[in-house]
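The structure appears below as structure tokens.
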Amino acid sequence: MEKAYLVLSNGKIFEGTRIGADIDSVGEIVFTTGMEGYLETLTDPSYAGQIITQTFPLIGNYGVIEEDFEGGIFARGYIVRELCDEPSNFRCQYPLEKLLKDHNIPGIAGIDTRELTRIIREEGVMNAKICSSVPEDLSEIKNYCITGAVDEVGIKDVEIYPAEGEAKYNVTLIDYGAKHNILRCLQKRGCTVTAVPHTFTAEQILEGNPDGIMLGNGPGDPAENTFCIEQIKKLIGKVPIFGICLGHQLAALAMGGETVKLKYGHHGANQPVKMADGSRTYITSQNHNYAVVAESLKGKGVEILTNANDNSCEGMEYTGKNCFTVQFHPEACGGPKDTEFLFNRFIDMMGGKENA
């Protein structure tokens, strides 16, 4: 097996075995704590520009099932403690190693992912390089920055997804890199979903006369997407809006709020989120490095959910605007579906049963 190195921007070096594509790659390194769902993780467009570290020690044991993909693969690299090269599952189509090679994703196996995770937790998100030899100059690694991620992953043309059963509502999904299960959660609730590129203007979106608008998830720094923010400003208050992940952040910026980069983000299927009144806690699936500053929206919105670990904002509603947003993924996949009921709330808003 070919030797490979993971070089962090702080100078720390890990030696392991190369997996996936035989190329060098620089990216922002993050860790995800999910024990399952590695396929959904790899195919989540929100990982664009990032090198993914799986904290669970054995990855690939059920192989690749393309039906479980959530989108395209835009990660810059993949790190595991141990890669299973002989998967066993009746749905398996081929090993994970082949998926990485087919999509030109380099990776490393055989390093201490526990130590790596501790470094990220203590020092914060940093850049890294997967390479065949250790570079003497770390400037390429230190200077890397994720830019233009939504432009990279977002759809380029309108796509229409019919409702399952009786068609009750027409929903426009603004695609910043949305996961497929958002579509499925809407379709099975009787929604015909029209996915439009993030380059659509508010006027183009409203011309479609949607019953509701979904602001999907996506990668990168939300503040970078100034055009998208301006369009959301024009849409809020016109029709019911539900935002997820990046959509949550963009809505907050459109309402005059602020976002901040977290120390090491939330990535995984076990993030605890509590109601602001403390009445209940949910376990959620998350993948983001930025968070909304709830205090910046005083007088404009109400914080409805917070993270039980670090108290960061996990949900906002904008009174009188028919708009609410969440930082986590109620559609999960992979992860718990404790909060999928939020899609029902969106349906109720479109049906006039709720005026958020």
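The values are calculated or read from the model by the stated rules, or taken from the named source; none is laboratory data. Worth saying up front: this structure is predicted, and the values here are computed from it rather than measured. For neighbour counting, all protein chains shown are included, and Cβ atoms are generated from backbone atoms with ideal geometry for every residue, glycine included. Note: areas computed on protein heavy atoms with side chains; ligands, DNA, RNA excluded. Shrake-Rupley method; radii C 1.70, N 1.55, O 1.52, S 1.80 Å.
Computed log10 I(q)/I(0) for the stretch 1-83 at 0.21 Å⁻¹: -1.10, from the Debye equation with unit scatterers placed on every C-alpha and solvent omitted. Placing unit charges on the Cβ atoms of the charged side chains and taking the dipole of the chain about its Cα centre, the candidate lying farthest along the positive direction among Ala149, Ile213, Tyr264 is Ile213.
Electrostatic bookkeeping for Pro222 treats Lys and Arg as +1 and Asp and Glu as -1; over the other residues with beta carbon under 12 Å from its beta carbon, the sum is -2.
Volume per residue of the convex hull around the Cα atoms, evaluated for the stretch 265-328, comes out as 83 Å³. In a Gaussian network model over the chain where Cα atoms closer than 10 Å are linked, find which of Pro45, Pro106, Pro87 has the largest mean-square fluctuation. Per the Cα network of the chain with a 10 Å cutoff, Pro87 tops the list.
Coordinate range of the alpha-carbon atoms in the stretch 1-47 per principal axis, descending: 28, 27, 19 Å. Indicate the gyration tensor shape class of the stretch 295-350 (rounded, prolate or oblate), computed on the Cα atoms with a ≥ b ≥ c the square roots of the eigenvalues: a/c under 1.5 is rounded; otherwise a/b larger than b/c is prolate and the rest oblate. In terms of gyration-tensor shape, oblate.
The Rg/Rh ratio of the stretch 37-100, with both radii computed over alpha carbons and Rh defined as the Kirkwood radius, is 0.93.
Here the stretch 92-184 was treated as a single set of alpha-carbon atoms; its pair distances binned every 10 Å from 0 give 10, 24, 32, 21, 11, 2, 0 percent.
For helix 113-123, what angle does its Cα long axis make with the longest principal axis of the chain, in degrees from 0 to 90 and rounded to 10? Result, in degrees: 60. Amide hydrogen proximity for Glu70: with H placed 1.01 Å from N in the peptide plane, the residues at 5 or more positions away or on another chain lying under 5 Å are Thr43.
Per the Debye calculation on the chain with a single equal scatterer at every Cα and no solvent contribution, log₁₀ I(q)/I(0) for q = 0.11, 0.12 Å⁻¹ amounts to -0.72, -0.85. For the stretch 1-150, the gyration tensor built on C-alpha atoms gives a prolate shape. Its axis ratio a/c (a ≥ b ≥ c) is at least 1.5, and a/b is the larger of a/b and b/c. Rounded to the nearest Hz, the phi-derived 3J(HN,Hα) couplings of the stretch 217-234 under the Karplus curve 6.51 cos²θ - 1.76 cosθ + 1.60 (θ = phi - 60°) are 6, x, x, x, 7, x, 5, 5, 8, 5, 4, 4, 4, 5, 5, 5, 3, 7, where x marks glycine and proline.
Computed over protein heavy atoms with a 1.4 Å probe, the carbon and sulfur contribution to the accessible area of the chain reaches 46%. In whole percents, the pair-distance distribution calculated for the stretch 187-313 from its alpha-carbon pairs, binned every 5 Å from zero, is 2, 10, 19, 22, 19, 16, 10, 3, 0.
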